[in-house]
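Enquirer: Before anything else, here's the structure in question.
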Amino acid sequence: MDRRKALKNMGLAMGYSVATPTLISLMQSCKGEVALEWTPDFFTQDEGAALTKLVDIILPKTDTPSASEVQVHIFIDRFVDQVMEKKEQDFTKMSMAHFLEKALTDSGKGKAGDLSSEDLEPVLAEALKVTKADEMKNLEAVQQYNEAMAEGKEASLDNAVSRFAFAKSLRDITIWGYKTSEYVGEQVLEYLPVPGEYIGCGDVNELTGGKAWSL
C-alpha cells in the first residue's frame, strides 16, 4: 500500500477530541527532541522504549518517515499525561501492562525495555486480528468495565480484551499523532499557511489534487 496516498486521503476520525491550541502545544513541545534522550512523562522508561518500537510497527519508515521519526511516541506520552483524565490514564496503564506481560511471557524476557520489534509485533497482530462481531463484543466489555469502575464497583476485564483495547487505542492515536505532526501536515497533506479564498462546495480533486487539508 502507498502510505503517502493513504494518509493524503485519510480523514481524522479516530474518536479523539481536543482543543486545537492544546494539540498544537503538545506537538510543538515534541519538536527537536532526540528519541535517545527522551524521558517519558507518564510511562516508565521501559514502557517508553516498548512504545517507541510499537509506533514504528504500526507506521514503519516507507516513502514517509516512521512514526518515531516524527516524535509520535513523545506526543502519545504527553497526550496521556496532560490530556487524559485519571480514569483513562489508569485504563491505559492496566491494558498496556497486560499487553506487555503477554510479550514478555512469549519472548521469555524479563523487562519491557528489552522487548524487540520482533517480540512485540505478533502480540500486536494477534490483539488486532478480530472479527467485526468480536470487536463489538470487546468494545462492549470495555464499556461495561469502565462503567463499573466509575460507579466504584468491583470490575475485571479479560486479558485478551485488555490487549485488544490497548492495541486498538494505540493504533488509532498513533495514526492521529502522525497526521498531526509538522512533517505530515506540511509535506503530505494539503497545507495552506495563509488561507485565501473560501470555496464552500468544491471538488477536492480539483482543489487539492485529492489530498485532505492539513488544518
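Enquirer: So which residues in the stretch 117-133 are without any contact (Cβ under 8 Å) to a residue 60 or more places away in the chain and among the hydroxyl-bearing types (Ser, Thr, Tyr)? Steps first, answer last, please.
Expert: Going through the stretch 117-133, the residues without any contact (Cβ under 8 Å) to a residue 60 or more places away in the chain turn out to be 118-119, 122-123, 125-133.
Within the stretch 117-133, Thr131 is the sole residue that qualifies.
Enquirer: Working carefully through the options Met136, Met149, find the one that is farther than 21 Å from Asp77 by Cα and touching a residue at least 24 places away in the same chain (Cβ under 8 Å).
Expert: Values: Met136 fails: touching a residue at least 24 places away in the same chain (Cβ under 8 Å).
Among Met136, Met149, only Met149 is farther than 21 Å from Asp77 by Cα and touching a residue at least 24 places away in the same chain (Cβ under 8 Å).
Enquirer: Please enumerate the residues belonging to the stretch 100-146 that are farther than 15 Å from Ala160 by Cβ and of a type in the set (S, T, N, Q).
Expert: Ser107, Ser116, Ser117, Gln143, Gln144, Asn146
Enquirer: For the stretch 146-183, which positions are surrounded by fewer than 19 Cβ atoms within 10 Å (Cβ to Cβ), aliphatic (A, V, I, L, M) and part of a loop (DSSP other than H, G, I, E, B)?
Expert: Once the filter is applied, which keeps residues that are surrounded by fewer than 19 Cβ atoms within 10 Å (Cβ to Cβ), aliphatic (A, V, I, L, M) and part of a loop (DSSP other than H, G, I, E, B), the stretch 146-183 yields only Ala155.
Each value in this text was obtained by applying a stated rule to the coordinates, not by laboratory testing. These numbers come from a predicted model, not from an experiment. Here the Cβ is made from the backbone with ideal geometry for all residues, glycine too, and neighbour counts use every protein chain on show.
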